[in-house]
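Asker: Before we start, here is the structure in question, set down as structure tokens.
The values are calculated or read from the model by the stated rules, or taken from the named source; none is laboratory data. These numbers were taken from a predicted model, which means no experiment stands behind them. Cβ sites come from the backbone with ideal geometry, for glycine too, and all protein chains shown count toward neighbours.
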Amino acid sequence: MTEAQTLDPLILGRRVRHYRNAVNLTLDELGEKVGKPAPYLSLLENGKKEPRVALMMDIASTLGVDVGELLDPSPPTRRDELEIALLKAQETSLFDSLDLPPIRPSARMSNETLAHLVGLHRAVKERSSLESAGFEELARATGAVSEYLASKDGYLDDIEVEAASALRASGYPGEGPFSSRNLLDLTSHAGFDLRPIDDMPAFARSIIDLDNNRIYIAQRDELRTRQARKAVLQTVAGFLLGHETEPDLDTFLRQRMETAYFATGVLVPQDVVVPRLMVAKENHDIDVEDVKELFYVSYEMAAWRTVNLLTRHFGIDSHLLVSDETGTIIKGYSNDEVPIPRNEHGAMETQRLCRHWGARITFQSPDKYGTHHQYTDTPNGTFFCTTHVEAGREPAHGITIGVRFEDARWMRGRETGNRMTSSCPDPACCRQPSPELTSKWGGKVQVSARSQGRILGMLAPDPYPELDMPQVLAVVDGHASD
């Protein structure tokens, strides 16, 4: 029996009510015997109060049952099971999104009616789950999460509060990297024992054993690596933030974003990094690399933390892109009106960047793993961007953080002479071969695509970019005279 099951207040209350009715005691009569007023016991039976162990012992003795019967995690009757299921279904984010008034189970409502209502809720939930989501639904939900984060200017007040609380509980000293000791103390504070193991499945970030209150993660160098800290913090975040355990698709994606934000907020504490960024701004020298080095986090995490704080604390709108060598966006954020391609739902993910953006030019640079600074003139104005390709990731990811031209004065690398022009989404910008190449090679070139990738691309077209014909023809043309 897990702690979470034992302490479910609604089931506990229903079991108390069941055994009270079985011995024909009123709330007032039970209250007189255990020293509690009837209103308090009513709240307990309705799941609004969580009693102390001593009171549960008194109630069990008065009702003539073993205390284990009251703490059993299962509803006492089929009727209670249905009523509890209906009440819990109406407490979810999915139900809130339906904009329907809640229904309270009543004595006049038959078991059959309750079963129909619970069944309908379960059916809606199943059709809204990640597993059953199709491409369009996933694209819509991803766009909704992106829009939500942008509407907050990348800053989530409630998560910042929880991150600050977690830092206090972990004993974080107020400067420097979040240590292994801090991580273990925070995990213990959340009620779990952290266990590194050497047989963690490759697809799993962590495994939670609720029966023994353990969190298993892959065995790493004494939990000192960046990956271990992030994995543990994102796991613990679900409990500290009170996340739903079986969320619908929209809630799942929002919760995933919140756990990542929480981990970033703990590993790069707001109260420590903001003063340093303030000094950097005064020196016209804001740079993600400094945040990365100061807190021993990945470049990507340092970039996310920087954009989290830029608008709220410095009045600087920005954008962040994580993309691969083909220019396909893996994830992103913006509140600066940068003309990044989006699908009809507003999501950037799986869209392909203009080939003139620094995020793509970086991969063709002889200094691929250096830092690339660039100004790009666009239909929405000029933007300054810094791109860094993280070594050791497969496939390689480019991390780009950018701001409007007028805000480039605060950023390191603003003196760069790199400048490009992008007229995307105009197809003539970079998505169509030039008239010269089309005239020269049109109808004379065939491409033998990697079949597995092409088949997967047809099954799930968004994650796999289309053939880049401008690049194909440019390669052919470049080798034509060999």
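Asker: Please verify whether Glu344 is surrounded by fewer than 19 Cβ atoms within 10 Å (Cβ to Cβ) and of a type outside the set (S, T, N, Q), treating the condition exactly as stated.
Answerer: yes
Asker: Scan segment 192-209 for residues that are of a type outside the set (D, E, K, R) and loosely packed, with under 13 Cβ neighbours inside 10 Å and jot them down.
Answerer: Correct list: Ile197, Pro201, Ala202, Phe203, Ala204.
Asker: Let me ask something additional. Just checking, how many residues over segment 90-107 are on the phi < 0 side of the Ramachandran plot, out of contact with any Pro (no Cβ under 8 Å at 6 or more places or on another chain) and free of Cβ contacts under 8 Å to residues at least 40 places away in the same chain?
Answerer: So the count comes out to 11.
Asker: Within the set of pairs 6 or more residues apart or between chains, which connect a residue that is small (Gly, Ala, Ser) inside segment 9-35 to a residue that is in a helix (DSSP H, G or I) and crowded, with 16+ Cβ neighbours inside 10 Å with Cβ atoms less than 7 Å apart?
Answerer: Gly13/Leu44; Gly13/Glu45; Gly31/Leu41
Asker: Could you go through segment 297-309 and let me know if any residue there is of a type in the set (Gly, Ala, Ser), in contact with a Gly (Cβ under 9 Å, 6 or more places away or on another chain) and either assigned to a loop (DSSP other than H, G, I, E, B) or modelled with pLDDT under 95 (or both). Spell out the reasoning first.
Answerer: At the first step, the residues of segment 297-309 found to be of a type in the set (Gly, Ala, Ser) are 298, 302-303.
This time we only want the ones that are in contact with a Gly (Cβ under 9 Å, 6 or more places away or on another chain), so: none.
Scanning segment 297-309, I find no residue that is of a type in the set (Gly, Ala, Ser), in contact with a Gly (Cβ under 9 Å, 6 or more places away or on another chain) and either assigned to a loop (DSSP other than H, G, I, E, B) or modelled with pLDDT under 95 (or both), so the answer is no.
Asker: A further question on this structure: How many residues does segment 362-397 contain that are at pLDDT 95 or above, of a type in the set (Val, Ile, Thr) and farther than 13 Å from Val322 by Cβ?
Answerer: Counting residues in segment 362-397 that are at pLDDT 95 or above, of a type in the set (Val, Ile, Thr) and farther than 13 Å from Val322 by Cβ gives 4.
Asker: Looking at Ala150, Ala85, Ala133 in this structure, which one is over 30 Å from Ile329 (Cβ atoms), of a type in the set (Gly, Ala, Ser) and either modelled with pLDDT of 85 or more or not assigned by TED's automatic domain parsing to the domain that holds Glu246 (or both)?
Answerer: Result: Ala85 is the single residue among Ala150, Ala85, Ala133 that is over 30 Å from Ile329 (Cβ atoms), of a type in the set (Gly, Ala, Ser) and either modelled with pLDDT of 85 or more or not assigned by TED's automatic domain parsing to the domain that holds Glu246 (or both).
Asker: Please enumerate the residues belonging to segment 382-421 that are of a type in the set (Gly, Ala, Ser), in contact (Cβ under 8 Å) with a residue 40 or more places away in the chain and surrounded by fewer than 20 Cβ atoms within 10 Å (Cβ to Cβ). If you could, list the steps in order and put the result at the bottom.
Answerer: Within segment 382-421, the subset of a type in the set (Gly, Ala, Ser) is 391-392, 396, 398, 402, 408, 413, 417.
Restricting the remaining residues to those that are in contact (Cβ under 8 Å) with a residue 40 or more places away in the chain gives 396, 398, 402, 413.
Listed by number, the residues that qualify are Ala396, Gly413.
Asker: When you go through Glu325, Glu293 one by one, which is the residue that is without any contact (Cβ under 8 Å) to a residue 12 or more places away in the chain and either under 17 Å from Tyr261 (Cβ atoms) or surrounded by fewer than 22 Cβ atoms within 10 Å (Cβ to Cβ) (or both)?
Answerer: Step by step, each of Glu325, Glu293 is checked, and only Glu293 is without any contact (Cβ under 8 Å) to a residue 12 or more places away in the chain and either under 17 Å from Tyr261 (Cβ atoms) or surrounded by fewer than 22 Cβ atoms within 10 Å (Cβ to Cβ) (or both).
Asker: Out of curiosity, is His319 touching a helix residue (DSSP H, G or I) at 6+ places or on another chain (Cβ under 6 Å), under 28 Å from Glu349 (Cα atoms) and either modelled with pLDDT of 95 or more or surrounded by fewer than 22 Cβ atoms within 10 Å (Cβ to Cβ) (or both)?
Answerer: Numbers: touching a helix residue (DSSP H, G or I) at 6+ places or on another chain (Cβ under 6 Å): no; under 28 Å from Glu349 (Cα atoms): yes; either modelled with pLDDT of 95 or more or surrounded by fewer than 22 Cβ atoms within 10 Å (Cβ to Cβ) (or both): yes.
No: the conditions fail for His319.
Asker: From (1) modelled with pLDDT of 85 or more; (2) crowded, with 18+ Cβ neighbours inside 10 Å; (3) farther than 30 Å from Asp317 by Cα, pick out the condition that doesn't hold for Arg104.
Answerer: All conditions are met except number (2).
Asker: Right, another one. Of the residues that sit in segment 274-292 and are among the hydrophobic types (A, V, I, L, M, F, W, C) and in a helix (DSSP H, G or I), which one is nearest to Gly176 (Cα to Cα)?
Answerer: Val291
Asker: Just to be sure before I move on: is Glu282 free of Cβ contacts under 8 Å to residues at least 12 places away in the same chain, surrounded by fewer than 21 Cβ atoms within 10 Å (Cβ to Cβ), within 21 Å of Ala396 (Cβ to Cβ) and not assigned by TED's automatic domain parsing to the domain that holds Thr187 in the structure I sent?
Answerer: Against the criterion (free of Cβ contacts under 8 Å to residues at least 12 places away in the same chain, surrounded by fewer than 21 Cβ atoms within 10 Å (Cβ to Cβ), within 21 Å of Ala396 (Cβ to Cβ) and not assigned by TED's automatic domain parsing to the domain that holds Thr187), Glu282 does not qualify.
Asker: Given the criterion farther than 28 Å from Leu253 by Cα and among the β-branched types (Val, Ile, Thr), identify the matching residue among Thr371, Thr326, Thr386.
Answerer: The conditions single out Thr371.
Asker: Answer yes if at least one residue in segment 25-35 is surrounded by 16 or more Cβ atoms within 10 Å (Cβ to Cβ), of a type in the set (Val, Ile, Thr) and either assigned by TED's automatic domain parsing to the domain that holds Leu253 or more than 26 Å from Thr251 (Cβ to Cβ) (or both), and no otherwise.
Answerer: Taking every residue of segment 25-35 in turn, at least one turns out to be surrounded by 16 or more Cβ atoms within 10 Å (Cβ to Cβ), of a type in the set (Val, Ile, Thr) and either assigned by TED's automatic domain parsing to the domain that holds Leu253 or more than 26 Å from Thr251 (Cβ to Cβ) (or both).
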